[in-house]
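Here's the structure, in structure tokens; my notes come after.
The values are calculated or read from the model by the stated rules, or taken from the named source; none is laboratory data. As the structure is a prediction and not an experimental result, all values here were calculated from the model. Cβ placement follows ideal geometry from the backbone for every residue including glycine, while neighbour counts extend to all protein chains displayed. SASA here: full protein model, heavy atoms, side chains in, ligands and nucleic acids out. Shrake-Rupley method; radii C 1.70, N 1.55, O 1.52, S 1.80 Å.
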Amino acid sequence: MIMKKYFNRSMMSLTLMTLILSLQSCSLDENNPGGFTMDNMAENSVSSYETLVNQCYFGMERYLYGTDGFMELTEGDTDLWTYRANQNSSSTQYFWYFAGASPNTTYINGIWNSIYDGIGSCNLAISMAPKAPYASDSLRNEKVAEAKFLRAVYYFNAVEQFGAVTKITEPASSMDFSPAKTEPLTIYKDVIIPDLEYAVKWLNKGNDATTTTPTKKAALGMLAKVCLQTYEYGTSDYLDEGYQAAKKLIDDCEAGGGTYGAYMYSSLSDVFKESNNNNNKEALWKHRWYAGDDGHGSSNGNYKLNRNNEKFLCCLSKFGAREDNEDTRLTWGGSIEGDFMPTQHLINLFVQADGKLDPRYHEWFSTEWNANKNFTWDTSTLTNYKKSNTLSGQAIKKGDLAIKFIVPQDPDYDKDISGKSTCNYLLVSYNDVYNDANKNVIMTNNSGNENLFRYFYPSLNKHNSSNYYVANYSKKRNGNLDATFIMRMSEVYLIAAEIDLYKKNAPEALTYINKIRRRAGTELLTGTPSVRDILDERGRELCGEYCRFYDLKRTGMLKNSNYLQETHPDLAQYFKPEYALRPISTTFTSNIKNGSEYQNPGY
């Protein structure tokens, strides 16, 4: 759990009266012989008031960044990812827009509840701030800025996932069984942008050891991000403000970070290096998990630590030299097998115009895996993988190379492919898995049988970890203690570039794009960039970082029937325009009077 001090959760649920029925209850004031109220808590001491602020994080770390489901909602259902081995399963609600089945309207419940739980906590903390006995208004404002920053992030995700939702900015004093919905742009105007402007003004600079608590650079980065996102709604009114926020961070980064601490690693290999994780200087905001008591009475909630490491590993245990075991899970790149498989489009984004690979491909994707058990080639396995019978009886020992995935642009591709049938490991070629002509995954071989090679593919390693707290070992609940980065400095350059394009300032846009490409060691772009150029660059730089669903919405690609057909045909066949929004949880809509009206179209 994030390093915050919380008070008893059941007590908190009794004091929050938001529109979410699953979180509602009576106020403590109705039957409270001890005389405890939120007023008492806020007035008692600064530390007791700050417990209210800490509570604002609960929804964020319980169901959003780094936990189950939210990566699927921000990266799934996009051009970059398909479900593992391109299989059809219950997870197609996240990856294939329900695959033509009746939409699931309950899978979103935890996200919906956590967002409004978080908003309710923020509203309470903000409203109680005047009662807290701070020594100065500036100290008080800094804590209010923390709550407002978090409220802005909750609302940002609410409107981008669900569209028009109910706007609540004060603690609820009664239940509204016929809640009204407010359009996204109004919520941006009334809440999200003002809250982030306040955060920019009052949050402090912080330092690189700061983990979850947002700092001024986080506020500037999020302000730039949300101002750009408003372009989705047909307005340019906030582009200047977004650009100015981005420019402050860029100028600070170029000058050494003295004002805001903005920083971008010069070496690509440093960005997701494990030793740089908890104190990563490029991250503008991150969540960090820990186990055990931090000395302030916090519980560790260890079964819900960072789960992103579990999302991206391919299906290695389909080959006999690999097995999914607890020891392997606790090593770098040894997580359980995940759900996210790169699409043909994502892999081909890393192929440069000169035919060479963008260095980010091999930096951010694992393509080789060693055996974690002894294995002997047998006739059946040799036949399945089209290997030479001369390998029969030969062993792959634990620790030896077991599986290698290659693409035609790899420098040694021709040499590797020439020995494919005789090398003493499973060699999987891009052309075994992906069909460039059809722009999809090859599901069956020439004989009409299952294509067994499709289980092995490049696996995103940005979230890899070997830093675990082994919780409930027998139930395989291994908690990852590493931080997840919610926003990085490189995204700010791409935000500035996109705004420049919308403002018809292509030369500056090109400069910002090439700043990222130069750091990556890839060929620089020339000429006049397009929105598609930036979208592609965001795919290369930010894949797997909570961005892509929002990127496709903002750039109009979910309104463009040709785009998904071009990049991800397996997904395009199931897309409907209404799927640009998620369903409102029916656990909520079934308990309000206007549930049918409140639900999003198509559900």
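When the residues of the stretch 157-172 are filtered to those that are touching a strand residue (DSSP E or B) at 6+ places or on another chain (Cβ under 7 Å) and of a type in the set (Gly, Ala, Ser), the one that is surrounded by the most Cβ atoms within 10 Å (Cβ to Cβ) is Ala158. Among the residues that make up the stretch 441-460, is at least one of them charged (D, E, K, R), more than 30 Å from Met222 (Cα to Cα) and part of a strand (DSSP E or B)? Checked the stretch 441-460: at least one residue is charged (D, E, K, R), more than 30 Å from Met222 (Cα to Cα) and part of a strand (DSSP E or B). Go through the stretch 146-161 residue by residue and tally those that are over 14 Å from Leu196 (Cβ atoms) and under 14 Å from the mean Cα position of the chain (by Cα). Of the residues in the stretch 146-161, 2 are over 14 Å from Leu196 (Cβ atoms) and under 14 Å from the mean Cα position of the chain (by Cα).
Could we say that Ala99 is of a type outside the set (D, E, K, R), part of a helix (DSSP H, G or I) and more than 30 Å from Met443 (Cβ to Cβ) here? Explain how you work it out, then say what you get.
On the way: of a type outside the set (D, E, K, R): yes; part of a helix (DSSP H, G or I): yes; more than 30 Å from Met443 (Cβ to Cβ): no.
When the stated conditions are applied, Ala99 does not pass them.
What number of residues within the stretch 567-578 are touching a helix residue (DSSP H, G or I) at 6+ places or on another chain (Cβ under 8 Å) and either of a type in the set (Asp, Glu) or crowded, with 18+ Cβ neighbours inside 10 Å (or both)? Counting residues in the stretch 567-578 that are touching a helix residue (DSSP H, G or I) at 6+ places or on another chain (Cβ under 8 Å) and either of a type in the set (Asp, Glu) or crowded, with 18+ Cβ neighbours inside 10 Å (or both) gives 6.
Restricted to helices (runs of 4 or more DSSP H) entirely inside the stretch 129-222, those with at least 2 residues that are touching an Asp or Glu at 6+ places or on another chain (Cβ under 7 Å) and touching a residue at least 24 places away in the same chain (Cβ under 8 Å) are 137-162. Note on the stretch 179-238: residues that are in contact with a Lys or Arg (Cβ under 6 Å, 6 or more places away or on another chain) and under 24 Å from Gln599 (Cα atoms) amount to 4.
Ser91 meets the conditions (1) in contact (Cβ under 8 Å) with a residue 24 or more places away in the chain; (2) closer than 26 Å to Thr166 by Cβ in every case but one. The failed one is (2). For the stretch 506-541, enumerate the residues that are open to solvent by 40 Å² or more (accessible area, probe 1.4 Å) and under 20 Å from Asn461 (Cα atoms). If the condition is that a residue be open to solvent by 40 Å² or more (accessible area, probe 1.4 Å) and under 20 Å from Asn461 (Cα atoms), then Gly521 is the only one that fits.
Only residues that are within 20 Å of Val153 (Cα to Cα), open to solvent by 60 Å² or more (accessible area, probe 1.4 Å) and in contact (Cβ under 8 Å) with a residue 12 or more places away in the chain were counted across the stretch 233-289, and they come to 2. Taking residues in the stretch 408-434 that are at positive phi, and partners anywhere that are modelled with pLDDT of 95 or more and of a type in the set (Phe, Trp, Tyr), not one pair has Cβ atoms closer than 7 Å while being at least 6 places apart or on different chains. Counting only helices (runs of 4 or more DSSP H) that sit wholly inside the stretch 505-561, those with at least 3 residues that are free of Cβ contacts under 8 Å to residues at least 12 places away in the same chain and farther than 22 Å from Glu72 by Cα are 506-520.
Let's see how each residue does on (1) over 20 Å from His362 (Cβ atoms); (2) under 26 Å from the mean Cα position of the chain (by Cα); (3) aliphatic (A, V, I, L, M); (4) at pLDDT 95 or above:
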| position | (1), (2), (3), (4) |
| --- | --- |
| Thr422 | yes, no, no, yes |
| Leu426 | no, no, yes, yes |
| Ala437 | yes, no, yes, no |
| Val441 | yes, yes, yes, yes |
| Asn449 | yes, no, no, no |
| Asn480 | yes, yes, no, no |
| Lys515 | yes, yes, no, yes |
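For the stretch 435-455, give me each residue that is touching a residue at least 60 places away in the same chain (Cβ under 8 Å) and open to solvent by 40 Å² or more (accessible area, probe 1.4 Å).
Let us first name the residues in the stretch 435-455 that are touching a residue at least 60 places away in the same chain (Cβ under 8 Å), namely 435-436, 438-441, 443, 452-455.
If the condition is that a residue be touching a residue at least 60 places away in the same chain (Cβ under 8 Å) and open to solvent by 40 Å² or more (accessible area, probe 1.4 Å), then Asn435, Asp436, Asn438, Lys439, Met443, Leu452 are the ones that fit.
For the stretch 549-559, the criterion of being at pLDDT 95 or above, over 22 Å from Phe70 (Cα atoms) and buried (at least 22 other Cβ atoms within 10 Å of the Cβ) is satisfied by no residue at all.
Conditions tested, residue by residue: (1) crowded, with 23+ Cβ neighbours inside 10 Å; (2) in contact with a Gly (Cβ under 9 Å, 6 or more places away or on another chain); (3) modelled with pLDDT under 95.
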residue	(1), (2), (3)
Tyr457	yes, no, no
Lys462	no, yes, no
Val470	no, yes, yes
Lys504	no, no, yes
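Take the residues in the stretch 173-221 that are of a type in the set (D, E, K, R) and over 25 Å from the mean Cα position of the chain (by Cα); name whichever of them is surrounded by the fewest Cβ atoms within 10 Å (Cβ to Cβ).
Residues of the stretch 173-221 that are of a type in the set (D, E, K, R), as a first pass: 176, 181, 183, 189-190, 195, 197, 201, 205, 208, 216-217.
Still in the running and over 25 Å from the mean Cα position of the chain (by Cα): 176, 181, 190, 201.
Working: Asp176: 14, Lys181: 17, Asp190: 14, Lys201: 12.
Checked the stretch 173-221; the qualifying residue surrounded by the fewest Cβ atoms within 10 Å (Cβ to Cβ) is Lys201.
When the stretch 247-283 is filtered for residues that are farther than 21 Å from Trp332 by Cα and small (Gly, Ala, Ser), the ones remaining, listed by number, are Ala255, Gly256, Gly257, Gly258, Gly261, Ala262, Ser266. Mind listing whichever residues of the stretch 73-91 are assigned to a helix (DSSP H, G or I) and either in contact with a Leu (Cβ under 7 Å, 6 or more places away or on another chain) or open to solvent by 10 Å² or more (accessible area, probe 1.4 Å) (or both)? Scanning the stretch 73-91 gives a single hit, Arg84.
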